[in-house]
Amino acid sequence: ESYRRIAEVDGKVKAFVTLDEEKARAYAAELDDALGSEGDRGLLFGMPIGVKDNIVTKNLRTTCSSRILENFDPIYDATVVKKLRDAQAITIGKLNMDEFAMGSSTENSAFQETKNPWNLETVPGGSSGGSAAAVAAGEVPFSLGSDTGGSIRQPAAFCGVVGLKPTYGRVSRFGLVAFASSLDQIGPVTRTVEDNAYLLQTITGVDPMDSTSANVEVPDFLSSLTGDVKGLKIAVPKEYLGEGVQEEVKQSVLDALKVLEGLGATWEEVSLPHSKYALATYYLISSSEASANLARFDGVRYGYRTDNAETLLEMYKQTRSEGFGDEVKRRIMLGTFALSSGYYDAYYKKAQQVRTLIKQDFEKVFESYDVIIGPTTPTPAFKIGENTKDPLTMYANDILTIPVNLAGVPGISVPCGFKDGLPLGLQIIGKHFDESTVYRVAHAFE
Ligand code: GLN
């Protein structure tokens, strides 16, 4: 069914970078033989899943939508992919993204431009644009994305689907090609909150292969979907309904709050005073970490190697000049500069200090409230090409999602309305490791 739908619409949507029909069908047949009787089958039995192309898949090309990894066939599966396989789901292909997950529109892919299924002239968001578009277009019921600074929630909002960034440490990152290691998380993109909770349940858990995966209790996320939000205390940061956020977007959040009030929850305005520093902090920290993480792509260890070099040093330089796109180069330069001696204290160290203040803003609010609610993005999906000339406007699109990554807390985007035929997203943010409450509220509202 998925392949039929992909054949029908992916020519237009262009969500998939690589499809794996032969192997997927072989695995499906194998599953069918082995698990003939209903009793042995899990809930994900035979379910087709799309995986963002920065999550490695054994013998299945993993490109990060970059020329430098164009022909890279990993020799192992990421932990999340293995877990999906153990749960009898079928990985059917790899989804387009901004190169190395750097971007907010999937326009930075070296291979193709993914379109928003709601309006093919607009972007699907990014960097997990392929993951959100594939689910929105009905190509797959579930996908995995990654979120370093909004990359699951922002495309989920733009494409009218449900996307969760789990707490930092909730899901193993073993096999996720690293962008900014102190921020990266893998998470589920689905049509409903229930599917989302189920998918998180499947991929979560401590992993000896990832020392940042947390050894915490894993609750039964599905059992939190009770519909009951009576007495729940919601905080609404005034910074999230302030300048730059479109009127219709604010209105959709106020409408959502009314629905939750009708169900017995209460809300009050609060402040996250350091939010205004989040963008600058994020771009310093994430670019610094990226500059270190991307040093491994040198033409020796993986993927692309230039033919245009005489010496080793030239080979490194040429490989990286030819292999990386403009946005990736911009981040590597910014990050290398911020980490260089003489500037380290002024930029990287300062950014880490501000990060602590941002984190404390959240902790303070969570002393008195159960969840924080606001819009996912200040606007609905923008037109293709509209923001490509100006990186700063593009960066500003993540202003409401990025603080959540800096604080390490979980956040979900659920559809909450439309503007001019384009979906809007409601963002629900929870305490550390309290995805259950986030899901409970999202489900009650849905
Ligand atoms: N748009 C942000 C960036 O470009 C988010 C990226 C992400 O979450 N992977 O860095």
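With under 23 Å from the mean Cα position of the chain (by Cα) and without any contact (Cβ under 8 Å) to a residue 12 or more places away in the chain as the only criterion, which of Asp390, Asp345, Asp307, Asp398 stands out? That would be Asp390, the only listed residue that is under 23 Å from the mean Cα position of the chain (by Cα) and without any contact (Cβ under 8 Å) to a residue 12 or more places away in the chain.
So that you can scan it fast, the table gives a plain yes or no per residue for (1) of a type in the set (Asp, Glu); (2) crowded, with 20+ Cβ neighbours inside 10 Å; (3) within 13 Å of the ligand (Cβ to nearest atom):
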{"residue": "Arg330", "(1), (2), (3)": "no, no, yes"}
{"residue": "Leu334", "(1), (2), (3)": "no, no, yes"}
{"residue": "Ala346", "(1), (2), (3)": "no, no, no"}
{"residue": "Ala351", "(1), (2), (3)": "no, yes, no"}
{"residue": "Leu357", "(1), (2), (3)": "no, no, no"}
{"residue": "Lys364", "(1), (2), (3)": "no, no, no"}
{"residue": "Gly374", "(1), (2), (3)": "no, yes, no"}
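Taking the numbered list (1) in a helix (DSSP H, G or I); (2) open to solvent by 10 Å² or more (accessible area, probe 1.4 Å); (3) within 19 Å of Thr437 (Cβ to Cβ) in turn, Cys416 passes all entries but (1). Residues of segment 204-228 that are acidic (Asp, Glu) and surrounded by 17 or more Cβ atoms within 10 Å (Cβ to Cβ): Asp207, Asp210. On the stretch given as segment 9-27, residues that are surrounded by 13 or more Cβ atoms within 10 Å (Cβ to Cβ) and free of Cβ contacts under 8 Å to residues at least 12 places away in the same chain total 1. Taking Asn215 as the residue in question, decide whether it is more than 25 Å from Leu294 (Cα to Cα) and outside any loop (DSSP other than H, G, I, E, B). No, not satisfied. Considering each of Val253, Val177 in turn, give the residue that is β-branched (Val, Ile, Thr), in contact (Cβ under 8 Å) with a residue 24 or more places away in the chain, in contact with a helix residue (DSSP H, G or I) (Cβ under 9 Å, 6 or more places away or on another chain) and within 21 Å of Leu272 (Cα to Cα). Only one candidate passes the filter, namely Val253. Which count do you get for residues in segment 78-105 that are in contact with a strand residue (DSSP E or B) (Cβ under 6 Å, 6 or more places away or on another chain) and assigned to a loop (DSSP other than H, G, I, E, B)? Count: 4. Taken over segment 132-169, the residue count meeting the criterion of being assigned to a loop (DSSP other than H, G, I, E, B), within 16 Å of the ligand (Cβ to nearest atom) and not hydrophobic (A, V, I, L, M, F, W, C) is 7.
The values are calculated or read from the model by the stated rules, or taken from the named source; none is laboratory data. Nothing here was measured: the structure is a model prediction, and the numbers come from that model. All Cβ positions, even for glycine, are placed from backbone atoms using ideal geometry, and neighbour counts span all protein chains on display. What goes into the accessible areas is simple: the full protein's heavy atoms, side chains included, and nothing from ligands, DNA or RNA. Shrake-Rupley method; radii C 1.70, N 1.55, O 1.52, S 1.80 Å.
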